[in-house]
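Enquirer: Let me give you the structure first, and then I'll get to my questions.
None of the figures in this text is laboratory data; all of them are computed from the coordinates on show. Fair warning: this is a prediction, and the values are worked out from it, not measured in the lab. Note: ideal-geometry Cβ built from the backbone for every residue, glycine included; neighbour counts use all protein chains shown.
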């Protein structure tokens, strides 16, 4: 895997946060929101809580009716996200100056030849498989809800002044639930977990082109973030790339450098 987070060219601080546990196959990216650095706190709490859920104990899924038909992997991930939501709400209750803080979240977990995903908010997960880029998540945002209802076009959504309004986030409600998915992992798959700070300036066609052309995951991460900054850098930008080998994520070789054609090359077509 490879990741990068950048403050951008407009915001005074970085409220994004990402983390991973390679051994347990769990990867998380969050985009915080809230004044007085509260967004930074919310995103960090979310990442650390999800990682701790799988690290500190054998997960036991709590009973929840909406999870009845979900595969076990997705249910575990949903339970971890619920714990993150509870942790953010609990922190805000104890620290009144952080009231109203929240965060988006995208997470992926690999186990038994499958990968499960969860998302809340407008950060996204993409699958890059056999030179095709597929968006696996749906944005929980006002403009994308309008697009889905046919009220505006996708092009209008990109120009809308309401782009920053999200309709679901961790830390805003006790009943906040993630969208879930579970898919077979194939050798060579690449998952992209990214915040909207990247997506605001880099469209799907450019993401695909970057993944096709660059020689390493870190080079691809750096180029995505650099492209977001060159496009204006209006928000914090964070992305993580995870490549699958034989049904499990593979880390870049120790000492691999961005731009080195010998370091974990991305297949060209």
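Enquirer: Quickly rank 1-14, 186-199 as a protection proxy: mean count of other C-beta atoms within 10 Å, highest first.
Expert: The densest-packed peptide leads the list: 186-199, 1-14.
Enquirer: Using the count of nearby Cβ atoms within 10 Å as a rough guide to exposure, how do 54, 110 rank from fewest to most?
Expert: By the 10 Å Cβ count, ascending: 54, 110.
Enquirer: If you find the alpha carbon centre of segment 18-58 and of segment 166-181, how far apart are they in angstrom?
Expert: Their Cα centres are 15 Å away from one another.
Enquirer: Calculate the all-directions average of the projected area of segment 14-250's alpha-carbon convex hull, and give it in nm².
Expert: 12.9 nm²
Enquirer: Could you work out how much longer the chain between residue 55 and residue 9 gets when fully extended? Use 0.36 nm per residue separation minus the Cα distance between them, nm to one decimal.
Expert: Taking residue 55 through residue 9 to full extension adds about 13.0 nm, to one decimal.
Enquirer: Can you sort 82, 96 from fewest to most other Cβ atoms within 10 Å of each residue's own Cβ?
Expert: Fewest to most other Cβ atoms nearby, the residues stand as 96, 82.
Enquirer: At a Förster radius of 35 Å, what calculated FRET efficiency corresponds to the Cβ-Cβ distance of residue 22 and residue 208, to the nearest 0.05?
Expert: That gives a FRET efficiency of 0.85.
Enquirer: Okay, next question. Quick check on the exposure proxy: order 230, 15, 145, 40 from fewest to most C-beta atoms within 10 angstrom.
Expert: Lowest to highest Cβ neighbour count: 230, 145, 40, 15.
Enquirer: If the label point is 7 Å along Cα→Cβ of residue 129, which residues in segment 188-205 have backbone nitrogen under 20 Å from it?
Expert: Flagged as within label range: 188-194, 204-205.
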